[in-house]
1. Consider residue 197 against the criteria (1) away from the ligand (no atom under 11 Å from the Cβ); (2) within 19 Å of residue 69 (Cα to Cα): it satisfies all of them except one. Which criterion is unmet?
2. Could you count how many residues in region 182-196 are assigned to a strand (DSSP E or B) and crowded, with 23+ Cβ neighbours inside 10 Å?
3. Quick test for you: out of 158, 179, pick the one residue that is under 30 Å from residue 53 (Cβ atoms) and surrounded by fewer than 21 Cβ atoms within 10 Å (Cβ to Cβ).
4. Go through (1) touching a helix residue (DSSP H, G or I) at 6+ places or on another chain (Cβ under 9 Å); (2) buried (at least 17 other Cβ atoms within 10 Å of the Cβ); (3) within 25 Å of residue 29 (Cα to Cα) for residue 141 and report which single condition fails.
5. Is there any pair with a first residue in region 35-48 that is within 11 Å of residue 77 (Cβ to Cβ) and a second that is assigned to a helix (DSSP H, G or I) whose Cβ atoms are under 8 Å apart and which are 6 or more apart or on different chains, and what are they?
6. Which of the residues spanning region 53-81 are within 16 Å of the ligand (Cβ to nearest atom), touching a strand residue (DSSP E or B) at 6+ places or on another chain (Cβ under 6 Å) and either in a loop (DSSP other than H, G, I, E, B) or more than 24 Å from residue 110 (Cβ to Cβ) (or both)?
7. Being in contact with a helix residue (DSSP H, G or I) (Cβ under 9 Å, 6 or more places away or on another chain) and at pLDDT below 95 narrows it down to one residue among 200, 207, 179; which is it?
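The values are calculated or read from the model by the stated rules, or taken from the named source; none is laboratory data. Everything quoted here is computed from the prediction, not taken from an experiment. Positions of Cβ are generated from backbone atoms using ideal geometry, with glycine treated the same way; all protein chains shown enter the neighbour counts.
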Ligand code: XMP
């Protein structure tokens, strides 16, 4: 169940984008202040739901870096942290085969897990990672994503904690990238189509 304020549409004008990014980002979808407020409230929900338990947070690299850092510094419950490396978008906006680039190191058997990802899109990543984690026999797995694009779902998977529901747009910033760029933007913005059209051309020529 989402509050109206958690849905994001293309309401913000192009002029909201700082001058530095105007050629590459067509709109700001979620501002820095909105991210700050929502991450605070997600942390409060998690804190309440897991009260009195030790949590193992499994975060998916690389897109969660900013979200995770903000989320965990607001949690006071005891927690341990580990990462899994998963890659599905390799240099473009179209999904490719899923590759595990880093495996979990903590023993999660019998533990309460919180799986954190940046964005739930087709659901293939979350479904695959949940199946893999399930085989390690944790006590419980809950999922937390910053963004959810429900219109693109292919797998039957939903997250327990969702920051914002967004329309079918390719977004960057606050950890999300295009070809490893834009992760440092303090907001979530819509990638300008020129970038991936030009990007695809330069990658093709680089590969030749
Ligand atoms: P699936 O389709 O498996 O996708 O749910 C999850 C992963 O795909 C990446 N992804 C995006 N990355 N902007 C991005 O920077 C987007 O709009 C986007 N949509 C999907 C992301 O890595 C996520 O973990």
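1. Only one criterion is unmet by residue 197, namely (2).
2. Number satisfying all stated conditions: 3.
3. On inspection, the qualifying residue turns out to be 158.
4. Only one criterion is unmet by residue 141, namely (3).
5. 43/71; 46/71
6. The answer is 61, 63, 64, 67.
7. 179
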